[in-house]
Protein chains: 4
Amino acid sequence: MAENDRKMHYHDYLHIDQILSAQVLESEKAGRKPAHEEMLFIIIHQTYELWFKQIIHELSSVVRMFNVKEVDERNIGVATGRLRRVIEIQEVLVSQVRVLETMTSLDFLEFRSYLFPASGFQSFQFRQIEAMMGLEEEHRLRYGPKPYHTQLHSDQAGEIQDLEDADSLFECMENWLERTPFLHLGDFEFLKYYKQAVEDMIAQEKKFIQVSTMDQDEKDRHIAMLEANSGYYEMVLDESKHAEMQASGQVRLSYKASMAALLIHLYRDEPILHGPFNFLSCLKDMDEMFTTWRYRHAQMVLRMIGRKVGTGGSSGHDYLRNAASQHQVFKDLYNISTLLIPRSSLPPLPTEIKQQLGFYFTSTDV
Amino acid sequence: MAENDRKMHYHDYLHIDQILSAQVLESEKAGRKPAHEEMLFIIIHQTYELWFKQIIHELSSVVRMFNVKEVDERNIGVATGRLRRVIEIQEVLVSQVRVLETMTSLDFLEFRSYLFPASGFQSFQFRQIEAMMGLEEEHRLRYGPKPYHTQLHSDQAGEIQDLEDADSLFECMENWLERTPFLHLGDFEFLKYYKQAVEDMIAQEKKFIQVSTMDQDEKDRHIAMLEANSGYYEMVLDESKHAEMQASGQVRLSYKASMAALLIHLYRDEPILHGPFNFLSCLKDMDEMFTTWRYRHAQMVLRMIGRKVGTGGSSGHDYLRNAASQHQVFKDLYNISTLLIPRSSLPPLPTEIKQQLGFYFTSTDV
Amino acid sequence: MAENDRKMHYHDYLHIDQILSAQVLESEKAGRKPAHEEMLFIIIHQTYELWFKQIIHELSSVVRMFNVKEVDERNIGVATGRLRRVIEIQEVLVSQVRVLETMTSLDFLEFRSYLFPASGFQSFQFRQIEAMMGLEEEHRLRYGPKPYHTQLHSDQAGEIQDLEDADSLFECMENWLERTPFLHLGDFEFLKYYKQAVEDMIAQEKKFIQVSTMDQDEKDRHIAMLEANSGYYEMVLDESKHAEMQASGQVRLSYKASMAALLIHLYRDEPILHGPFNFLSCLKDMDEMFTTWRYRHAQMVLRMIGRKVGTGGSSGHDYLRNAASQHQVFKDLYNISTLLIPRSSLPPLPTEIKQQLGFYFTSTDV
Amino acid sequence: MAENDRKMHYHDYLHIDQILSAQVLESEKAGRKPAHEEMLFIIIHQTYELWFKQIIHELSSVVRMFNVKEVDERNIGVATGRLRRVIEIQEVLVSQVRVLETMTSLDFLEFRSYLFPASGFQSFQFRQIEAMMGLEEEHRLRYGPKPYHTQLHSDQAGEIQDLEDADSLFECMENWLERTPFLHLGDFEFLKYYKQAVEDMIAQEKKFIQVSTMDQDEKDRHIAMLEANSGYYEMVLDESKHAEMQASGQVRLSYKASMAALLIHLYRDEPILHGPFNFLSCLKDMDEMFTTWRYRHAQMVLRMIGRKVGTGGSSGHDYLRNAASQHQVFKDLYNISTLLIPRSSLPPLPTEIKQQLGFYFTSTDV
């Protein structure tokens, strides 16, 4: 119920006139027959930008919730819900590509020249999103001689720099993980137990290979594979090894945060860890969806203009496809999967700790 | 390549500032803490309106192509492509509902009162789309005491009336079907053969039921069903029966157009009929997608506000759900399916007609 | 790593030969040219049945977790995850309809007669799912003179009866809600506060209408609407009113369970209620997706065979469309939305209760 | 209507018992508590294999239609419809990945060891599809020391070899394109006109760059880009250049077929070329969807097992991601986009040829 006497109308509330007068066809301005498909080209990009604004709205609020000394427990659920919303929006972004693909390259040629040299690289909001996620200039795949921000209006480039300097979602998550109180619970030393479990598991796997019916050649290959993979475990078992990998850029997440993430993944069924696990899962989902979107975008460019070389010196498609995986921010969370061990090999939690990890409030107390 | 020396930028071309300054939160204007979810509510509706504009752009162009004495053959393919684009857009409209569903009813209550009495019924563009499709005031399910257009700004109501008076997509299609030259090809009387084929088929089905192992009760039920259905065939076989059904509102499409649509469906594999068949199929797909969208919308309203009674005197959900099927425009095309007979029962086309229906140009002529 | 020396192969593990030899075309057995599209018809139904088996696997496990005196707290998260999986499967079921729609009605006619009188109504597993959800014979929309189970093989009909007699997901949820300890927390009487808040809200809304610029006619309509809706609140505020509605079939969920669901919806941000809220949300999502699937199925039948009258005496399409909303099981959860009031009108929880609803374990304890 | 007196039942027709008894959990056979998620793992793979069978059914029929001296004109439409069906199936394959992603890596670890060393690489049907599309051993990205077919049962490896030796969809399309009669139409020499149009367009673009307001540095970069791209045009304009590119593996499609594909893309609006254009578009769509599916698969493997090194010596994820683009078969069709020129620069077709490309049958003839 409105708190004053005005009579709100859908049309005015949504500023429909303002929105619907923002489609100006360059092919029409040029005094020629308007290119039919230019309308689609403009409108789909405008919907993308509207959704980007919404994503920024959600990510900012999540960063605000986590960029504090002590994260309010109830905000983990709220933040997870908002990331889920971002993921649903990303599904829409990806599925919209099918709409753009109904425009063929011949249709595009009707107005493409009028747009020169405008480019999707110039989307300020998408750049904001990347910076808020935690992607920085140094992680980017360079396209052409100049850094990415030279594509932007100059005031926008400054804003991006500010965003990169501020705490990103990646850093907020890292800080929050480092502060989780679960790694040392009373006398329970999680890592000591985990280390033992990993060693037992590897020894057992080696034995299985040796007694199997495979020929020696195949056995050797499997043993080699097993040894290659045990290197991953060292990363958590050995802090200095992790430091090396961090220095060389193979890993970004701190040692302490990695351990906390590992523990959360392994004991995610404990009620108190369920929320944090869902939150980390949503970060991965969101990160993957951006990758998927970049990838679909690259495929679409391939259809539209083939492998034409762009100003960056290579084809736009090849750049976009390679950037798709390079620009993934939360890679280290994926690698947690490499470190997991079966629940049956998990060191059991001492009963008193299990109780601490449950909810205080139970029906018997009422 | 630009035809003058200006340097087009993505940001200016897409009028990003204009688009991104059109989100004004009423919950914020009221001087309170802005409701976090109001941004989503505004943005998703704005993307809907942008897509509606695109749909109108496509439908108008299709109406223009068909609203002529003789439809240019090459435009059938172009029009079909554009309807396919509309269908892909509709897929996006439907999938967007998932995004809105991430807003719970409690979130909605934070700002709902500020919007009163604005309503999605007031979307002028959606009303335009319906009118362009061929939905008229008289076909509408009435909600509340006043007709739909009283919801609109007064100048908009006039425009809708003009659109309803002009030729809609339904009427263009009907006229085009009536003009197809295929019903009488030389000495080949399509309907005569079809009538015979239908009678043979029904007689055979009756025989199968009678010799089957079913008990008498079940046989009777199947015979009754068979007879009920043969009424559908009469509609095409008997022009006066069709006129009656048209008068009572059971059928909207003219007799002649219905026959042409039937022939196109039956002989769709002939190259020259393949295009018309695809065009009719897209009309059905598009019509169905609008129904699906209305239905999903109804479900979403149910989640958001339950079965609260609206100003129309019944719950919004119930109205929307019933309107979903009532507002379907191309129902008669669906009913063509009822009239089809197996290819094996089809009267074969005389060779000379088959040749006429093929392409003139063949490799042997080169 | 395998625990014996066998060498598992993808082909054998998945019993591919068994799966891929189960497509027997009736059109081929009849000694005629196989109907190309019959393969699609068989395969898509087989994938549906495989997914039904998976859904049953998930639902059974959820029922097992909840069909106990005291639900293990950690199982709420697990159950919610499994319902989310069911929802993703349902998305696939719905999107598969697009595949079937690539088969036109003319294609279907090539083999349809061989299938007579087989029908999708005869899917035992789908019937099982419905019974496990909580749909019983008495809630069903009847099609034709005989109850649904007569369509099944006789041993299957018995199994369905057993499922209907056992506790369904609906009943498990109802029992679990009735046992939640949150309705009376210390001295805090939730309903007393809620009742006051609702009355205040309605009084305020009435005032807004009266001081608004609407004409008297419109004011009257809005007041009438307001009064119609306040009846919903009575349902919770007045136990005997609820009993009446239950008796008349308007409501199925018990009074106590309804109140618990209302409280969970209103205070869902409390960490301890976040899990239960997510669980209830998933039940609604799943229920809605079944409705959507039934609806899409009805639309597809309309395309395939039009409004042909079936053995039930009405058209299959009309039956399926009406059943879609009638067969929804968790309607009462949707109606909770009608009962919600804005967070700002919510009675605040006393501090000591808020603490009880949080997690015991906080970082300061470490 | 059945042609004999049997009473077909849904359950028997679909061989439901056979289908539903093919899920044998290894975790259960091992005598332990069955791993809940193994059921999902089996069922999703079985649905994939069912869909692969359907795809093979469609592709075989298309190859049969095109693997003839003279393709029946009416089969182009039929084949296009079947490829559209394959594309819809692929949409399902891709969306199913979301279902599998509801299984976390920890769930997977519960039964993963029982499957060793079975692998998705061992899917015979997927290998068949790839071979039917036109992917041969030599185009494959090698994983590990042994060629792919050593993963298969030995009789299956032979069948794949036979498929690779037979005409694939790629080869059928190539032959069909080479036979199209459109390249020389009367006195109209398509390539002569096209060559001139390309040269004019490039000269004009160069002029625009030179008169623009860009600084010299930027102008140079754009000129360099323009020159790099004009190399693509040479490929068609100069047969020997094309031969070189073919020899070096940059191009697979023959010179003559490439020219025909170019012409079809440029004059696709002519009714007689509309069908061929749609057919080529579907080939591209289908090819892209396989790439998308491989890519989504790679992402899913990353989530499930991280970057664990596999028996191929590198991580499964890295292999799958790289294979996704390497295994694309119809790349040359995408590159046609690079060769297109705006409709306005197109050499106009002489009127007599336009008439030849239209349909013979027009309403004035009736």
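The values are calculated or read from the model by the stated rules, or taken from the named source; none is laboratory data. Please read these numbers as outputs of a predicted model, since none were measured by experiment. No Cβ is skipped: glycine too gets one built from the backbone with ideal geometry, and neighbour counts run over all protein chains shown. For accessibility, only protein heavy atoms count, side chains too; no ligands or nucleic acids. Shrake-Rupley method; radii C 1.70, N 1.55, O 1.52, S 1.80 Å.
As for region A:269-292, it holds at least one residue that is within 25 Å of residue C:278 (Cβ to Cβ), out of contact with any Asp or Glu (no Cβ under 6 Å at 6 or more places or on another chain) and not in a helix (DSSP H, G or I). Return yes when residue A:133 is farther than 23 Å from residue A:253 by Cα and either crowded, with 19+ Cβ neighbours inside 10 Å or within 22 Å of the chain's Cα centre (by Cα) (or both) and no when it is not. It is false that residue A:133 is farther than 23 Å from residue A:253 by Cα and either crowded, with 19+ Cβ neighbours inside 10 Å or within 22 Å of the chain's Cα centre (by Cα) (or both). How about region A:268-277: which of its residues are touching a residue at least 40 places away in the same chain (Cβ under 8 Å) and either open to solvent by 40 Å² or more (accessible area, probe 1.4 Å) or touching a Phe, Trp or Tyr at 6+ places or on another chain (Cβ under 8 Å) (or both)? Scanning region A:268-277 gives A:271, A:272, A:273. So which residues in region D:49-72 are among the aliphatic types (A, V, I, L, M) and assigned to a helix (DSSP H, G or I)? D:50, D:55, D:56, D:59, D:62, D:63, D:65 - these are the residues of region D:49-72 that are among the aliphatic types (A, V, I, L, M) and assigned to a helix (DSSP H, G or I). Does at least one position in region A:343-362 carry a residue that is surrounded by fewer than 20 Cβ atoms within 10 Å (Cβ to Cβ), at pLDDT below 90 and at the interface with chain D (Cβ under 7 Å from one of its Cβ atoms)? Looking for residues that are surrounded by fewer than 20 Cβ atoms within 10 Å (Cβ to Cβ), at pLDDT below 90 and at the interface with chain D (Cβ under 7 Å from one of its Cβ atoms), one finds at least one in region A:343-362, hence yes.
Every test in (1) outside any loop (DSSP other than H, G, I, E, B); (2) within 8 Å of chain D (Cβ to nearest Cβ); (3) of a type outside the set (Phe, Trp, Tyr); (4) free of Cβ contacts under 8 Å to residues at least 12 places away in the same chain is passed by residue C:106 save one, and that test is (2).
When you look at residue D:214, is it in contact with a strand residue (DSSP E or B) (Cβ under 6 Å, 6 or more places away or on another chain), within 27 Å of residue A:117 (Cβ to Cβ) and without any contact (Cβ under 8 Å) to a residue 24 or more places away in the chain, yes or no? Full working, then the answer.
On the way: in contact with a strand residue (DSSP E or B) (Cβ under 6 Å, 6 or more places away or on another chain): no; within 27 Å of residue A:117 (Cβ to Cβ): yes; without any contact (Cβ under 8 Å) to a residue 24 or more places away in the chain: yes.
For residue D:214, the condition - in contact with a strand residue (DSSP E or B) (Cβ under 6 Å, 6 or more places away or on another chain), within 27 Å of residue A:117 (Cβ to Cβ) and without any contact (Cβ under 8 Å) to a residue 24 or more places away in the chain - is not met.
Among residues of region B:158-171 that are among the hydroxyl-bearing types (Ser, Thr, Tyr), those with a Cβ under 9 angstrom from a residue that is buried (at least 16 other Cβ atoms within 10 Å of the Cβ) and assigned to a helix (DSSP H, G or I), sequence gap 6+ or separate chain, pair up as B:168/B:63; B:168/B:131; B:168/B:132; B:168/B:133. Among the residues in region B:301-317, are any part of a helix (DSSP H, G or I), modelled with pLDDT of 80 or more and surrounded by fewer than 20 Cβ atoms within 10 Å (Cβ to Cβ)? No, because not a single residue in region B:301-317 is part of a helix (DSSP H, G or I), modelled with pLDDT of 80 or more and surrounded by fewer than 20 Cβ atoms within 10 Å (Cβ to Cβ). Consider region C:233-267 and keep the residues that are at pLDDT 90 or above and part of a loop (DSSP other than H, G, I, E, B). The one that is surrounded by the most Cβ atoms within 10 Å (Cβ to Cβ) is C:253. Look at residue C:95 and say whether it is hydroxyl-bearing (Ser, Thr, Tyr), within 7 Å of another protein chain (Cβ to nearest Cβ), in a helix (DSSP H, G or I) and out of contact with any His (no Cβ under 9 Å at 6 or more places or on another chain). Answer is yes for this residue.
Restricted to region C:1-27, and to residues there that are surrounded by fewer than 15 Cβ atoms within 10 Å (Cβ to Cβ) and modelled with pLDDT of 80 or more, the residue that is nearest to residue A:211 (Cα to Cα) is C:17.
Going through region B:128-153 one residue at a time, which ones are modelled with pLDDT of 85 or more and more than 17 Å from residue B:322 (Cα to Cα)? Once the filter is applied, which keeps residues that are modelled with pLDDT of 85 or more and more than 17 Å from residue B:322 (Cα to Cα), region B:128-153 yields B:128, B:129, B:131, B:132, B:133, B:134.
Only one of C:223, C:209 is assigned to a helix (DSSP H, G or I) and loosely packed, with under 15 Cβ neighbours inside 10 Å; which?
It is C:223.
For residue D:41, the conditions (1) facing chain C (nearest Cβ under 9 Å); (2) open to solvent by less than 40 Å² (accessible area, probe 1.4 Å) are fulfilled apart from (1).
Among the residues of region A:154-203, those that are at pLDDT below 85, within 14 Å of chain C (Cβ to nearest Cβ) and part of a helix (DSSP H, G or I) comprise A:190, A:201.
Quick one: what pairs do we get from region C:121-136, first residue within 10 Å of chain D (Cβ to nearest Cβ), second open to solvent by 20 Å² or more (accessible area, probe 1.4 Å) and polar (S, T, N, Q), C-beta under 8 Å, 6+ apart or different chains? Going by the 8 Å Cβ cut-off, the qualifying pairs are C:121/C:151; C:122/C:151. Take the conditions (1) in contact (Cβ under 8 Å) with a residue 40 or more places away in the chain; (2) crowded, with 20+ Cβ neighbours inside 10 Å; (3) more than 27 Å from the chain's Cα centre (by Cα); residue C:30 misses just one of them, which is (2). Number of residues in region C:287-335 that are at the interface with chain B (Cβ under 7 Å from one of its Cβ atoms), more than 20 Å from residue C:92 (Cβ to Cβ) and not basic (Lys, Arg): the value is 10. Could you tell me whether residue C:117 is within 17 Å of residue C:316 (Cα to Cα) and more than 12 Å from chain D (Cβ to nearest Cβ)? So residue C:117 does not fit the description; no.
For every residue, the table says whether it meets (1) acidic (Asp, Glu); (2) surrounded by fewer than 18 Cβ atoms within 10 Å (Cβ to Cβ).
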residue: B:85; (1), (2): no, no
residue: B:90; (1), (2): no, no
residue: B:100; (1), (2): no, no
residue: B:104; (1), (2): no, no
residue: B:110; (1), (2): yes, no
residue: B:114; (1), (2): no, no
residue: B:123; (1), (2): no, no
residue: B:137; (1), (2): yes, yes
residue: B:153; (1), (2): no, yes
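Residue check: residue D:54 meets all listed conditions (1) open to solvent by 40 Å² or more (accessible area, probe 1.4 Å); (2) facing another protein chain (nearest Cβ under 9 Å); (3) at pLDDT 95 or above but one, namely (1). Residue-level check: of (1) away from chain D (no Cβ under 11 Å); (2) in contact (Cβ under 8 Å) with a residue 12 or more places away in the chain, residue A:247 misses just (2). Against the list (1) closer than 30 Å to residue C:344 by Cα; (2) under 32 Å from the mean Cα position of the chain (by Cα); (3) outside any helix (DSSP H, G or I), the condition residue B:43 fails is (3).
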